[in-house]
Amino acid sequence: MSDTEYMLLAIKLAKQGCGWVNPNPMVGAVIVRDGRIIGQGYHQKYGELHAERNALASCTESPQNATLYVTLEPCCHYGKTPPCTEAILKSGIRRVVVGTVDPNPLVAGKGIQILREHGIEVTEGVLREACTKLNEVFFYFIQTKTPFVVMKYAMTMDGKIATHSGQSKWITGETARRRVQEDRHRYSGIMVGIGTILADDPLLTCHLSDSKNPIRIICDSRLRTPLNARVVQTVGDAPTILATCSQDEALARPYRDAGCEVLTLPSRDGSVDLRKLMTALGKKEIDSVLLEGGSTLNWSALQSGVVSKVQAYVAPKLFGGAGAKCPVGGIGVERPEQAFRFASPQITRLGEDVLLESEVLPCSQES
């Protein structure tokens, strides 16, 4: 097998940590000696051993003079666990093949430098693009200290997210809806507006087995969330944060008594300042947010420049209706050249439906 093939295996291993390691990166490692795989591992859960140490612990024979393939540069600092460079040096590994450099300022090339200074051969950049894509959330979060926000919606081919009477269950089929559940596990938080809470009383949890629930974030400027709403009543199953502009402590106390966190933030145009909210969530180490809001919140998020990626699930059906809602409300842009623009579009078939994913170009967001 080639370096590329071993790195592909390491990437496959890394993906098994999806949803469990946030805000850490997903990392996979494979140890090869004399053309044989003698150890492999991945970062399984936040706070636990990193991929390199798990791979070393799994070795079926001595890793002396072996080659280590790892998707991300080995760490060289003390955090929840000791430095992986330390374990590599003690193991007797002769060569390390790295997918991509770690953008964390505590590492950022220093891990590779330490290995080379101790006589280990290091090969960089094997499947760099794939290894970087694997951790787009981590790369964004570690450099901005704010969550990677994915704006998700399901619509018909005529761009409607509900009928004229407001009904939306279900626009897409089971395959697409399962993918959404997978993303609820993948990302750290899920965010909606008060309109969605009042209209649908959603649970906002992950319905898959062997999964975790995202932290629920409700944008509720005036604290109108009913105390009997499911997001309040089930706070023991999934943490709930109410982001508000209200400074009325008497109004906030019942939510706090129920176990919710009330986060008071500045307002912007009468609603929660989403940029300030993202800064606050970043301080809580919430590295990613799945935005499942309605058209009003979607517009505010785009206008605020906090959206990193858009996921549009498109169903092969039409609702019609001049009054039926579209995914993005608000006033909209005035001229075509002011449109929010996207890059690197990807299309995925999900049963009868289509998922269109695209990254928001920075220049199309508010500076």
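The values are calculated or read from the model by the stated rules, or taken from the named source; none is laboratory data. Keep in mind that this is a model prediction, so the values were computed, not measured. So basically every Cβ, Gly included, is an ideal-geometry build from the backbone, and we count neighbours across all protein chains shown. Ligands, DNA and RNA are excluded from the accessible area calculation, which covers all protein heavy atoms including side chains. Shrake-Rupley method; radii C 1.70, N 1.55, O 1.52, S 1.80 Å.
Express in Å², to the nearest 10, the accessible area of ILE331 obtained by rolling a 1.4 Å probe over the protein heavy atoms while all chains stay in place.
150 Å²
Spin-label point model (7 Å from Cα, Cβ direction): what's the LYS12 to ASP248 distance in nm?
Output for this residue pair reads 5.8 nm.
Skip the ligands, DNA and RNA, and give the accessible area per residue of the chain with a 1.4 Å probe, whole Å².
That works out to 47 Å² for each residue.
Taking region 36-90, which chymotrypsin sites (Phe, Trp or Tyr not before Pro) meet the DSSP loop condition and have no more than 12 other C-beta atoms within 10 Å? If you can, show how the numbers build up before the last one.
Working: sites: TYR42, TYR46, TYR69, TYR78; in loops: TYR46, TYR78.
Counting only loop positions with at most 12 other Cβ atoms within 10 Å, the chymotrypsin sites (Phe, Trp or Tyr not before Pro) in region 36-90 are TYR78.
Over region 288-367, with every protein chain in place, what whole percent of the accessible area is carbon and sulfur at 1.4 Å, could you tell me?
C and S fraction of accessible area: 56 percent.
On full extension of the chain, what length is gained from ALA57 through ASP3, given 0.36 nm per residue of separation minus the C-alpha to C-alpha distance?
In short, 17.3 nm is gained.
In nm, to one decimal, how far is the ARG128 label point from the LYS169 one, both placed 7 Å along Cα→Cβ?
4.8 nm
For region 29-74, what's the relative contact order in percent, using C-alpha pairs closer than 8 Å and at least 6 residues apart?
44 percent
Of PRO239, PRO345, PRO23, which has the largest mean-square fluctuation in a 10 Å C-alpha GNM of the chain?
Taking springs between Cα atoms under 10 Å, the residue moving most is PRO345.
Check which residues have an amide H placed less than 5 Å from ARG341's amide H, if you skip close sequence neighbours.
Long-range HN contacts for ARG341: LEU361, SER364.
Using a 1.4 angstrom probe and counting only protein chains, how large is the accessible area of THR144 in Å², to 10?
Around 60 Å² of this residue is reachable by solvent.
Treating only the Cβ of Lys, Arg, Asp and Glu as charged (+1, +1, -1, -1), what charge dipole size does the chain show about its Cα centre? Round to the nearest 20 debye.
That gives a dipole near 260 debye.
Show the residues, 5+ positions off or on another chain, whose built amide H is closer than 5 Å to the amide H of THR71.
Amide H neighbours of THR71, under 5 Å, 5+ apart: GLY28, GLY99.
What FRET efficiency comes out for LEU203 versus GLN64 if R0 is 51 angstrom and r is the Cβ-Cβ distance? Round to the nearest 0.05. Intermediate results must be reported in sequence, preceding the final value.
Working: r = 53 Å, r/R0 = 1.03.
Result of the calculation: an efficiency of 0.45.
Per residue of region 315-332, what does 6.51 cos²θ - 1.76 cosθ + 1.60 with θ = phi - 60° give for ³J(HN,Hα)? Whole Hz please, x for Gly and Pro, Karplus curve as stated.
With the stated coefficients, region 315-332 comes to 9, x, 7, 10, 9, x, x, 5, x, 6, 6, 9, x, 10, x, x, 7, x Hz.
Run the dipole for region 212-299 about the Cα centre, Lys and Arg Cβ at +1, Asp and Glu Cβ at -1, nothing else charged, and hand back the magnitude in debye, nearest 20.
The calculated dipole for region 212-299 is roughly 40 debye.
What angle do you read, to the nearest 10 degrees and between 0 and 90, between the alpha-carbon axis of helix 174-186 and the longest principal axis of the chain?
60 degrees
Express the carbon and sulfur contribution to the solvent-accessible surface of region 178-236 as a percent, rounded to the nearest whole number, probe 1.4 angstrom.
Accessible surface attributable to carbon and sulfur in region 178-236 totals 46 percent.
Under a point spin-label approximation (7 Å from Cα along Cα-to-Cβ), what is the THR348-ASP210 distance to one decimal in nm?
With each label placed 7 Å out from Cα toward Cβ, I get 1.9 nm.
SER358 to ARG36: extension gain in nm, 0.36 nm per residue of separation minus the Cα-Cα distance?
112.0 nm
With a cut-off of 8 Å between alpha carbons and a minimum separation of six or more residues, what is the relative contact order of region 258-367 in percent?
Numbers: 115 pairs, mean separation 29.7, N = 110.
It rounds to 27 percent for region 258-367.
Tell me, how many Å apart are the Cα centres for region 139-202 and for region 44-64?
36 Å
Counting only GluC sites (Glu not before Pro) that are in a DSSP loop and have at most 16 other C-beta atoms within 10 Å, tell me the longest site-free stretch of the chain. Could the numbers behind the result be given before it?
On the way: sites that count: GLU48, GLU61, GLU285, GLU334, GLU352, GLU366.
That would be 62-284.
At a Förster distance of 22 Å, what's the computed FRET efficiency of HIS118 paired with LYS45, Cβ-Cβ distance as r, to 0.05?
With a Förster radius of 22 Å, E is 0.15.
Write out the trypsin sites (Lys or Arg not before Pro) in region 60-149 meeting two conditions: DSSP loop, and at most 14 other Cβ atoms within 10 Å of their Cβ.
Answer in residue order: LYS80, LYS145.
Please identify every one of the trypsin sites (Lys or Arg not before Pro) in region 148-218 that sits in a loop by DSSP and has no more than 13 other beta carbons within 10 Å of its own beta carbon. Could the numbers behind the result be given before it?
Working: sites: LYS152, LYS160, LYS169, ARG177, ARG178, ARG179, ARG184, ARG186, LYS212, ARG216; in loops: LYS160, LYS169, LYS212.
Here the sparse-neighbourhood loop sites are LYS169.
If I build a Gaussian network model for the chain, linking alpha-carbon pairs within less than 10 angstrom, which residue out of ALA87, ALA312, ALA55 has the largest mean-square fluctuation?
Checking each option, the largest mean-square fluctuation is seen for ALA87.
In degrees from 0 to 90, rounded to the nearest 10, what is the angle of the helix 295-304 Cα long axis to the longest principal axis of the chain?
50 degrees
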